[in-house]
Amino acid sequence: MNIQRWIARREPDWQRLDALLTKVEKKGLKTLSATEIRELASLYRSVAADLARARTQQVGNTLIQNLQLLTTRGYTQIYQGSRRQEWQAVVEFYSWGLPSVVQQTFLYIAAATTIFLVGVLVAWWYAWQDPTFMSLIVPDHLIRTVRDERKLWMGSIVGTEPLASSSIMINNLSVSFGAVAGGITVGAYTTYLMLFNGLLIGAVATLVSQNNLAYPFWAFVLPHGSLELPAIFFAGGAGFLLARAILFPGRLRRRDALKFYGSLAVQLVFGIVPMLVVAGVIEGFFSPHPSVPDGLKYVVGLGLFVLLVLYCGRRREK
């Protein structure tokens, strides 16, 4: 191979790659057009091949070092730059994208919340009217603990926080994903989960009220429930989105409706996961601890809920 002729032929590409990389390093990858991005990727691959060839031929060390530097710069901008863009997209989603989706799907989330609240009210009414109703919803050991021992059951979490926290996360995630997947049953299973969880909360709340334990019970529930329950309502809304696509695709083909509403549902799921992780940590390490005053638990719970409402109401100024 004629080294000088090869260098003369390939040098314009090296100079062009250097110019593109300099532009990216100064102003960012977004400043390149789509054509320039494709050109950058193509030049990077060809220069990497040139480096391999230069190492096998008798060329000067200076040229090899220059090509090595050029390919290193290319790798950094193309691969690590794309990773930075991915992280920027994640930050963008949680900063503005999720609140926008919550606002866009509010009616579906509200429907899930309403079904849950109906379950709460039904359980509250029947639990006061018929003492046997409680045993149909609430596990017997919880009833015995509250009625017979006059105490709450969450003290068992203390001392096993890591295990309890992970178990709580897994359980809440399974309930939430079940509510989302329930959309495939045209919303029937989603409705059942919302209603059943409402019945359970309503029955337990009535049980502790009947035994004068409402204040410590809600002190336990509020810190993590301020995130956990909205996350479950988001999951129910996602399930109803899928049900809407199946039952009422409108002018869209059902397949296209599933893509559109399914995309919104998936974005809600992305929002649910971190909420449930944080809620699980709080429920495992903060909510049950007797050393934390109940008043502080109320303040933390209400504070988290207010922050969540403000976050979901965010709108980007145009």
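The values are calculated or read from the model by the stated rules, or taken from the named source; none is laboratory data. If you're wondering where the values come from, they're calculated on a predicted model, not measured in any experiment. No Cβ is skipped: glycine too gets one built from the backbone with ideal geometry, and neighbour counts run over all protein chains shown. Accessible surface areas use protein heavy atoms only, side chains included; no ligands, DNA or RNA. Shrake-Rupley method; radii C 1.70, N 1.55, O 1.52, S 1.80 Å.
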Task: Of all residues making up segment 261-312, the number that are within 20 Å of Val90 (Cα to Cα) and of a type in the set (Phe, Trp, Tyr) - done: 2
- [ ] Could you check, for segment 280-289, whether at least one of its residues is open to solvent by less than 20 Å² (accessible area, probe 1.4 Å), at pLDDT 90 or above and not hydroxyl-bearing (Ser, Thr, Tyr)?
- [x] no
Open item on the list: For a quick check of your reading: which helices (runs of 4 or more DSSP H) sit entirely within segment 1-112 and have at least 3 residues that are among the basic types (Lys, Arg)?
Closed with: 3-27, 34-56
- [ ] Kindly indicate which of Thr105, Thr71, Thr114 is closer than 25 Å to Val269 by Cβ, open to solvent by less than 40 Å² (accessible area, probe 1.4 Å) and not acidic (Asp, Glu).
- [x] Thr105
Open item on the list: Please verify whether Ala48 is modelled with pLDDT under 80 and of a type in the set (A, V, I, L, M), treating the condition exactly as stated.
Closed with: no
Open item on the list: With the requirement that a residue be assigned to a helix (DSSP H, G or I), free of Cβ contacts under 8 Å to residues at least 24 places away in the same chain and either open to solvent by 70 Å² or more (accessible area, probe 1.4 Å) or of a type in the set (Asp, Glu) (or both), what does segment 243-257 give you?
Closed with: Arg254, Arg255, Asp256
Task: Close pairs (8 angstrom Cβ cut-off, 6 or more residues apart or separate chains): without any contact (Cβ under 8 Å) to a residue 24 or more places away in the chain in segment 31-43, open to solvent by 40 Å² or more (accessible area, probe 1.4 Å) anywhere - done: Thr31/Lys23; Leu32/Lys23; Glu39/Arg16
- [ ] Go over the candidates Ser291, Ser287 one by one and state the one that is of a type in the set (Gly, Ala, Ser), outside any helix (DSSP H, G or I) and in contact with a Phe, Trp or Tyr (Cβ under 7 Å, 6 or more places away or on another chain).
- [x] Ser287
Open item on the list: Looking at segment 297-316, I want the residues that are over 22 Å from Trp96 (Cβ atoms) and have a partner that is in a helix (DSSP H, G or I) and of a type in the set (Ser, Thr, Tyr) with Cβ atoms under 6 Å, at least 6 apart or on another chain. Which pairs are those?
Closed with: Gly301/Ser226
TODO: Could you run through segment 27-68 and say how many residues are open to solvent by 70 Å² or more (accessible area, probe 1.4 Å), of a type outside the set (S, T, N, Q) and under 17 Å from Gln15 (Cβ atoms)?
DONE: 1
- [ ] Given the conditions (1) part of a helix (DSSP H, G or I); (2) open to solvent by 30 Å² or more (accessible area, probe 1.4 Å), report the number of the one that His224 does not fulfil.
- [x] (2)
Task: Failed criterion for Leu222 (all others in (1) in contact with a Lys or Arg (Cβ under 8 Å, 6 or more places away or on another chain); (2) within 18 Å of Val102 (Cα to Cα); (3) of a type outside the set (Lys, Arg) hold) - done: (2)
Task: Odd one out for Gly262, checked against (1) within 20 Å of Arg244 (Cβ to Cβ); (2) free of Cβ contacts under 8 Å to residues at least 40 places away in the same chain; (3) open to solvent by 50 Å² or more (accessible area, probe 1.4 Å) - done: (3)
Task: Members of segment 6-26 that are surrounded by fewer than 13 Cβ atoms within 10 Å (Cβ to Cβ) and of a type in the set (A, V, I, L, M, F, W, C) - done: Ala8, Ala19
TODO: Say whether the condition of being open to solvent by less than 40 Å² (accessible area, probe 1.4 Å) and within 31 Å of the chain's Cα centre (by Cα) is met by at least one residue in segment 129-140.
DONE: yes
- [ ] Go through segment 302-317 and give me each residue that's of a type outside the set (A, V, I, L, M, F, W, C) and open to solvent by 80 Å² or more (accessible area, probe 1.4 Å).
- [x] Arg314, Arg315, Arg316, Glu317
